[in-house]
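Trainee: One structure, as structure tokens, below. Some questions next.
Nothing in this text is a laboratory measurement; each read-out follows from the coordinates by a stated rule. All figures in this text were calculated on a predicted structure; none of them were measured in a lab. As a convention, Cβ positions derive from the backbone with ideal geometry for all residues, glycine included, and neighbour counts pool all protein chains shown.
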Amino acid sequence: MIRSKSVRWSVLRMALCLSGMAAMAAGAHAATTLENMQAAFNGESNAHARYVAFAAQADKESYGEVASLFRAAARAEEIHAANHAAVIKELGATPNAKVDTPEVKSTRENLEAAIKGETYEKDTMYPEFLKQARADRSKAAIKSLNFAQAAEVEHAKLYGEALSGLEKLKNTKAVTYSVCPKCGFTARDASFAKCPSCFTPKEQFEKVA
């Protein structure tokens, strides 16, 4: 009988221990989502500063169309940062970003760097962050991260096209891009009635040149 009680207490202690570990794990997940949103906010804030600097360099080298693309992407990253900041505040924290001085090289090198950054975000960073946000059932985080990822896919495509045709873009003038004010989706040819990502009416898109 004593041995039976001892076994029952051992089982109970184990159950309580596992319950505590599960609670700690749930808390860690929530903290990880917040940390991911802070990392995303920091990344988008730096991307905004970097693309503004890249646009100025493209203007210096007489790549007017490329400068417009960088400015449009910079505006989109600014929108992503604002969306992420709102989620961070909703999670009870203060958005925090450390914006570094951008490393600016030639426009060709800047495009290559931009492609590398966008590819990392769309293929690695945002998918990982979304996985955690879904596990935590953070609807606000999922929405903000999805918006950003969809825009980065388009940015990578636009940068790739600019790089492949860079020689033809020498001595070109500024062109107009359309940027969704809600999700940052960026398009040169806005041949759609609503944003492909968030369904915002085309009439509300910002024009960036």
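Trainee: Find how many whole Å separate the alpha carbon centroid of the stretch 154-209 from the alpha carbon centroid of the stretch 59-116.
Mentor: Between the Cα centre of the stretch 59-116 and that of the stretch 154-209, the gap is 15 Å.
Trainee: Just tell me which lysines come within less than 26 Å, Cα to Cα, of Lys194; anything on the same chain fewer than 8 places away is out.
Mentor: Counting by Cα, and skipping residues close in sequence, Lys194 has these lysines nearby: Lys122, Lys139, Lys143, Lys157, Lys182, Lys202, Lys207.
Trainee: Further, regarding this structure: Enumerate the amide H contacts of Tyr63 below 5 Å, restricted to partners 5 or more residues apart or on another chain; note that Pro and chain-start residues carry no placed amide H.
Mentor: Asn171
Trainee: To make sure I understand, if each residue's beta carbon is the centre and we count other beta carbons within 10 Å, what order do Arg75, Arg134 fall in, fewest to most? Don't skip to the end; give the middle numbers.
Mentor: Details: Arg75 21, Arg134 14.
Sorted ascending by nearby Cβ count, the order is Arg134, Arg75.
Trainee: Could I ask something else about it? Here are labelled values, (1) 1.20; (2) 1.00; (3) 0.95, and one is the computed Rg/Rh (Cα atoms, Kirkwood Rh) for what I pasted. Which one?
Mentor: Of the listed options (1) 1.20; (2) 1.00; (3) 0.95, (1) comes from this structure.
Trainee: Of the residues Phe199, Phe185, Phe70, which exhibits the maximal mean-square fluctuation in a Gaussian network model of the chain defined by a 10 Å Cα contact cut-off?
Mentor: Phe199
Trainee: Here's another thing I want to ask about it. Cross-link partners among aspartates and glutamates for Lys105, C-alpha distance below 18 Å, same-chain residues fewer than 8 apart left out?
Mentor: Asp59, Glu61, Glu65, Glu118, Glu167
Trainee: With the crude spin-label approximation of a point 7 Å out along Cα→Cβ, what separation in nm comes out for Lys170 versus Phe199?
Mentor: For the pair Lys170/Phe199, the computed spacing is 4.7 nm.
Trainee: Neighbour counts of other C-beta atoms within 10 Å: give me Tyr120, Tyr63 arranged from fewest to most.
Mentor: Numbers: Tyr120 14, Tyr63 24.
Fewest to most other Cβ atoms nearby, the residues stand as Tyr120, Tyr63.
Trainee: If you don't mind, another one. Which whole-number percent is the relative contact order of the stretch 108-209 (Cα, under 8 Å, 6+ apart)? Walk me through the numbers on the way to the answer.
Mentor: On the way: 112 pairs, mean separation 25.6, N = 102.
Rounded, it is 25 percent for the stretch 108-209.
Trainee: Now for a different question. Placing +1 at every Lys and Arg Cβ and -1 at every Asp and Glu Cβ, with all other atoms neutral, what dipole size does the stretch 30-131 have around its Cα centre, in debye to the nearest 20? Write out the running numbers ahead of the final one.
Mentor: Values: 11 positive and 16 negative charges, 23 e Å.
Here the stretch 30-131 has a charge dipole of around 120 debye.
Trainee: Can you tell me the FRET efficiency between Lys207 and Ala135 if r is taken as the Cβ-Cβ distance and R0 is 35 Å, rounded to the nearest 0.05? The partial results should precede the final answer.
Mentor: On the way: r = 39 Å, r/R0 = 1.11.
The value I calculate is 0.35.
Trainee: Would you work out if the stretch 63-136 is rounded, prolate or oblate? Take a ≥ b ≥ c from the square roots of the eigenvalues of the alpha-carbon gyration tensor; rounded if a/c is under 1.5, else prolate when a/b is larger than b/c, oblate otherwise. All intermediate terms of the calculation are to be shown ahead of the outcome.
Mentor: On the way: a/c = 2.40, a/b = 1.77, b/c = 1.36.
Prolate is the answer for the stretch 63-136, as a/c is 1.5 or above and a/b outweighs b/c.
Trainee: Output the relative contact order of the stretch 27-208, whole-number percent, from Cα pairs under 8 angstrom with separation of 6+ residues. If you can, show how the numbers build up before the last one.
Mentor: Working: 286 pairs, mean separation 50.5, N = 182.
It rounds to 28 percent for the stretch 27-208.
Trainee: Right, next: Helix by helix, which DSSP H runs in the chain go 15 Å or more along their axis at the Cα atoms and have an average Kyte-Doolittle hydropathy of -0.5 or more?
Mentor: On the way: long enough: 2-60 (86 Å, 0.13); 64-90 (40 Å, 0.08); 107-120 (20 Å, -0.97); 139-164 (38 Å, -0.01).
Both cut-offs are met by 2-60, 64-90, 139-164.
Trainee: Then there is this: Give me the distance in nm between label points sitting 7 Å out from Cα along the Cα-to-Cβ direction at Ala39 and Glu90, one decimal.
Mentor: 2.0 nm
Trainee: So what is the calculated 222 nm ellipticity per residue for the chain, using -39500 (n - 2.57) for each DSSP H run with n of 4 or more, over all residues, to the nearest 500 deg cm²/dmol?
Mentor: On the way: 5 runs with 136 residues, N = 209.
Per the formula, -23500 deg cm²/dmol.
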